[in-house]
Amino acid sequence: MNEISQTPPNNEQVFFAIRHRLKKGTRNLQQYERWLSKIMPIAASFPGHLGVQVVRPPDGHNEYLIVVRFAGIQALEFWQQSAERQQLLQEITGILDSEEAIDIKTGIDYWFTPPAVGKHPRRWKQWLVTTSVIWPLTMYVPPAMEPLFVKYPQLGEFGIRQGVLALVIVGLVVYLIMPLYVRLIAKWFFKS
């Protein structure tokens with residue numbers, strides 16, 4: 001029924017990326033938005049659900065990308081095969097232009113994976129994009145975390161402080177910023 005690619009190992013956090021292409025029409029977009037507001041809290045109630053991002057189509061387009069993070073492949077499969085999800089999918093089959101496409105990836109692999117079969121981006125683009133994300137974080141996260149280091153001086157000791165900052169910055173990059181950022185610049189990023 002679905003196009004599925006690459007299943008990760010059992011113990012790694014996974015990204016469950018779903019592409020839905022809608023039939024043309026404002027009513028379909030509105031119905032889909034209502035459906036999203038219904039399915040997202042239901043998915044969030046499932047064990048292992050870690051968050052969701054929705055990349056909406058620009059004006060004149062009709063393809064949505066929904067990226068849901070799960071703690072592991074078992075949690076993902078539990079949601080993917082659940083009666084709740086199957087029932088909710090039935091509600092939108094009439095407005096979909098094609099079957100949903102599913103892509104399952106692990107952590108960092110998802111950053112630089114092309115949205116469709118194709119070449120990986122050039123190394124210089126990966127370097128430039130990663131730098132453009134990490135550079136501002138290295139300027140703003142340390143001052144923002146200073147109150148924590150003042151309140152808990154043991155966290156501010158040399159080595160520990162840098163480890164805490166690295167954990168926060170890498171966490172922001174991996175789980176929040178990079179997946180969305182790469183999708184937003186995908187046209188340029190994956191161009192040969």
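The values are calculated or read from the model by the stated rules, or taken from the named source; none is laboratory data. Remember, predicted model here, so these are calculated numbers, not experimental data. Cβ: placed from backbone, ideal geometry, glycine included. Neighbour counts: every protein chain shown. Remember, those area values only see protein heavy atoms, side chains included, never the ligands or the DNA or RNA. Shrake-Rupley method; radii C 1.70, N 1.55, O 1.52, S 1.80 Å.
Listed values, structure above:
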item: Single residue of region 35-55 satisfying the filter (without any contact (Cβ under 8 Å) to a residue 24 or more places away in the chain and over 24 Å from S98 (Cβ atoms)) that is least open to solvent (accessible area, probe 1.4 Å); result: A44
item: Qualifying residue in region 158-170 (condition: surrounded by 12 or more Cβ atoms within 10 Å (Cβ to Cβ), at pLDDT below 90 and not in a helix (DSSP H, G or I)); result: no
item: Number of the condition not met by R69 [criteria: (1) in a helix (DSSP H, G or I); (2) among the charged types (D, E, K, R); (3) within 30 Å of K187 (Cβ to Cβ)]; result: (1)
item: Residue match in region 2-9 (condition: touching an Asp or Glu at 6+ places or on another chain (Cβ under 6 Å), open to solvent by 20 Å² or more (accessible area, probe 1.4 Å) and modelled with pLDDT under 90); result: yes
item: Some residue of region 132-149 being of a type in the set (S, T, Y), without any contact (Cβ under 8 Å) to a residue 12 or more places away in the chain and open to solvent by less than 60 Å² (accessible area, probe 1.4 Å); result: yes
item: Single residue of region 56-101 satisfying the filter (surrounded by 15 or more Cβ atoms within 10 Å (Cβ to Cβ) and among the β-branched types (V, I, T)) that is farthest from I39 (Cα to Cα); result: I73
item: Conditions (1) open to solvent by less than 30 Å² (accessible area, probe 1.4 Å); (2) of a type outside the set (A, V, I, L, M); (3) over 19 Å from W127 (Cβ atoms); number of the one not met by Y175; result: (1)
item: Cβ-Cβ under 6 Å pairs, at least 6 apart or on other chains, region 19-34 side under 13 Å from L65 (Cβ atoms) and at pLDDT 90 or above, far side among the hydroxyl-bearing types (S, T, Y) and surrounded by 14 or more Cβ atoms within 10 Å (Cβ to Cβ); result: H20/Y64; L22/Y32
item: Whichever residue in region 181-192 is assigned to a helix (DSSP H, G or I) and surrounded by 14 or more Cβ atoms within 10 Å (Cβ to Cβ) and, among such residues, is modelled with the lowest pLDDT; result: R183
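A quick yes/no check of all residues on (1) modelled with pLDDT under 90; (2) within 29 Å of V14 (Cβ to Cβ):
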position: I108; (1), (2): yes, yes
position: W111; (1), (2): yes, yes
position: K119; (1), (2): yes, yes
position: R123; (1), (2): yes, yes
position: W135; (1), (2): no, yes
position: P143; (1), (2): no, no
